[in-house]
1. Being of a type in the set (Ser, Thr, Tyr), closer than 28 Å to Gln109 by Cα and within 9 Å of the chain's Cα centre (by Cα): is that true of Ser76 here?
2. Looking only at residues that are surrounded by fewer than 19 Cβ atoms within 10 Å (Cβ to Cβ) and among the hydroxyl-bearing types (Ser, Thr, Tyr) in segment 25-44, which one is nearest to Ser77 (Cα to Cα)?
3. So which residues in segment 68-79 are crowded, with 17+ Cβ neighbours inside 10 Å, among the hydrophobic types (A, V, I, L, M, F, W, C) and at pLDDT 95 or above, if there are any at all?
Amino acid sequence: MAVEYQERRRYPRYPCDTGVRIHPEKTTAGYWGTLSDISFGGCYVYTFSPLPVGQTITLIMKIGDAEVDVGGKIVSSHPGVGMGVAFAGFLHQDGEQRLKIYLEQLAVQPRQKDSIAVFH
């Protein structure tokens, strides 16, 4: 008997390819990764050095000419591949609006047929 997959995400996700700076909690150092997909509730970050599940972080996403700073928590971690991040809150007042505008732009872009599957 086949098991039917049921989507659990609250928000639609969109493929993207943009830089993101990752700052683990309680450190001053950060490092770069690449967003592979994003929604209003979280994102997946390609990085060779994913953090462990449960780690609290701050992401600084490059969206056009602006930056969006958001707090988050690692919800999945795949060594050598990347990590899933659930957003916990925006660090600047206009961050939520900037992300909404970016997601609206991604929503109207045609999707690639030959996209690579992401581990979430």
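The values are calculated or read from the model by the stated rules, or taken from the named source; none is laboratory data. The model shown is predicted, which means the values in this text are computed figures rather than measured ones. Every residue, glycine as well, gets a Cβ built from its backbone with ideal geometry; the counts of neighbours run over all protein chains shown.
1. No.
2. That would be Thr34.
3. Those that are crowded, with 17+ Cβ neighbours inside 10 Å, among the hydrophobic types (A, V, I, L, M, F, W, C) and at pLDDT 95 or above: Val70, Ile74.
Here is a yes/no grid of residues against (1) in contact with a His (Cβ under 8 Å, 6 or more places away or on another chain); (2) of a type in the set (Asp, Glu); (3) buried (at least 16 other Cβ atoms within 10 Å of the Cβ); (4) touching a residue at least 24 places away in the same chain (Cβ under 8 Å):
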position	(1), (2), (3), (4)
Tyr46	no, no, yes, yes
Ile57	yes, no, yes, yes
Ile60	yes, no, yes, yes
Ile63	no, no, yes, yes
Ala66	no, no, no, yes
Met83	no, no, yes, yes
Ala86	no, no, no, yes
Gly89	no, no, no, no
Glu104	no, yes, no, no
